[in-house]
Amino acid sequence: MKVTGFTIARNVVKFDYPIVEAIKSVLPLCDQFLILVGESEDNTLAYLQSLNDPKIIIRTSKWNETLQDGGKVLAVETDKAFQMIDADTDWCFYIQADEIVHEKYLPLIKAGMQKHLSNDKIDGLLFKYLHFYHSYDYIAKSSRFYKHEIRIIKNDKSIFSYIDAQGFRKGNNKKLNVAKLDAFIYHYGWVRPPVNMKAKQESIMKYYHNQDHINKVIGDEEGFDYTQFNFYLEKFIGTHPRLMEKRVSAMNWNFSIDQYRDDLLPKEKFKKAMRKYLGINLEYANYNLV
């Protein structure tokens, strides 16, 4: 069984992405890892070259800045990277620059890939998600944050990155058939110092929205206003991946749970009850669970 990891990278130093932690978190499962690096305004290429790991392959790309429709450029670059993966690879492990796999899940993930390797009915493997927000100690509980997504796919070149690279589809826009893993992706995209978060959001939002909308969300303050969305946040009970411990311990910005709602919205409670008592999932699902 050959496994190749892959990701895309651009301005990851400037916008404080934990991409090195992301890559290292899945590297033990991979025979190779391909990074497609876009032209950057910082030293992203040199930063990633300094990893100096024989498993890592680095390629370069130029992003099409005119692709500003729903984050399409992210999917285009992800597809470029996927198409570069060698034909003898069995599984392709996609990880985004702010997603980390906890080391405790590595044996389970490997077992899942081995189990479904020869199953032609399975296109990919599905992960559960924890979306940290504002603080490393709290998780956002909202339907705005997807609860599951595909991160491991068969090396089938009819598979493509969907919309803004959140997930995958194949052929004539068909959802992938997936098996669920009892493993989480830890998503840290919404945990940064407010100043860094504002710069990151301003940069990434240009691939989704016009400038008026960006200005409204970003605001005039020096740092990003996390509380503008007023999510319900749940206390995180558990340990962070070892690779993230340095970042977690270095958190130095103000956070108060009192600034957030103290319960789920009624619509979120309804969805939760339907799922718990009737087994009906009303959440968005970009996959077919086998």
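The values are calculated or read from the model by the stated rules, or taken from the named source; none is laboratory data. Small disclaimer: the values here were computed from a predicted structure and weren't measured. FYI the Cβ positions are ideal-geometry reconstructions off the backbone, even for glycines, and counts take in every protein chain you see.
A few points about this structure:
- Any hit, segment 32-45, residues being among the aliphatic types (A, V, I, L, M) and part of a loop (DSSP other than H, G, I, E, B): no
- Hey, Lys104 in contact with a strand residue (DSSP E or B) (Cβ under 8 Å, 6 or more places away or on another chain) and of a type in the set (Lys, Arg) or not: no
- Among the residues making up segment 212-269, those that are of a type in the set (Gly, Ala, Ser), part of a loop (DSSP other than H, G, I, E, B) and within 18 Å of Tyr188 (Cβ to Cβ) are Gly223, Gly238, Ala250.
- Note on segment 162-180: among residues that are in contact with a Phe, Trp or Tyr (Cβ under 6 Å, 6 or more places away or on another chain) and of a type outside the set (Lys, Arg), the one that is surrounded by the fewest Cβ atoms within 10 Å (Cβ to Cβ) is Tyr162.
- Selected residue (only one of Phe270, Phe255 is exposed (fewer than 14 other Cβ atoms within 10 Å of the Cβ), farther than 22 Å from Gln96 by Cα and of a type in the set (Phe, Trp, Tyr)): Phe270
- Set side by side, the residues Met274, Met205 differ, and just one is in contact with a His (Cβ under 8 Å, 6 or more places away or on another chain) and hydrophobic (A, V, I, L, M, F, W, C), which is Met205.
- Those residues of segment 15-41 which are within 18 Å of Arg247 (Cβ to Cβ) and modelled with pLDDT under 95, in sequence order: Phe15, Asp16
- Checking each residue in segment 54-80 for being of a type outside the set (Val, Ile, Thr) and within 22 Å of Asp16 (Cβ to Cβ) picks out Ser61, Trp63, Glu65, Gly71, Leu74, Glu77.
- Of all residues in segment 59-102 being outside any loop (DSSP other than H, G, I, E, B) and touching a Gly at 6+ places or on another chain (Cβ under 7 Å), the one that is farthest from Gln166 (Cα to Cα): Ser61
- The sole residue among Leu106, Leu45, Leu67 that is in contact (Cβ under 8 Å) with a residue 24 or more places away in the chain, within 29 Å of Tyr136 (Cα to Cα), surrounded by 15 or more Cβ atoms within 10 Å (Cβ to Cβ) and aliphatic (A, V, I, L, M) is Leu106.
- In segment 236-260, residue nearest to the chain's Cα centre (by Cα) [restricted to those that are of a type in the set (Ser, Thr, Tyr) and over 20 Å from Pro28 (Cα atoms)]: Ser249
Yes or no, residue by residue, for (1) surrounded by 15 or more Cβ atoms within 10 Å (Cβ to Cβ); (2) at pLDDT 95 or above:
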site: Met205; (1), (2): yes, no
site: Asp220; (1), (2): no, no
site: Phe231; (1), (2): yes, no
site: Ser249; (1), (2): no, yes
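- For segment 120-140, a tally of residues being within 23 Å of Asn288 (Cα to Cα) and touching a residue at least 12 places away in the same chain (Cβ under 8 Å) returns 11.
- Residues being in contact with a Leu (Cβ under 9 Å, 6 or more places away or on another chain) and not in a helix (DSSP H, G or I) - total across segment 103-136: 10
- When Arg275 is tested against (1) over 20 Å from Ala183 (Cα atoms); (2) surrounded by 14 or more Cβ atoms within 10 Å (Cβ to Cβ); (3) more than 22 Å from the chain's Cα centre (by Cα), exactly one condition is not met: (1).
- For beta carbons closer than 6 Å, sequence separation of 6+ or different chains, a first residue in segment 268-284 that is within 14 Å of Lys141 (Cα to Cα) and a second that is part of a loop (DSSP other than H, G, I, E, B) and not hydrophobic (A, V, I, L, M, F, W, C), the qualifying pairs are Glu283/Lys147.
- For segment 47-84, filtered to residues that are farther than 18 Å from Cys30 by Cβ and of a type in the set (A, V, I, L, M, F, W, C), the residue that is modelled with the lowest pLDDT is Leu67.
- Cross-chain or 6+ apart pairs with Cβ under 6 Å, segment 150-173 first and over 14 Å from Thr7 (Cβ atoms) and touching a residue at least 40 places away in the same chain (Cβ under 8 Å), then small (Gly, Ala, Ser) and assigned to a loop (DSSP other than H, G, I, E, B): Ile163/Gly70; Asp164/Gly70; Asp164/Gly71; Lys170/Ser158
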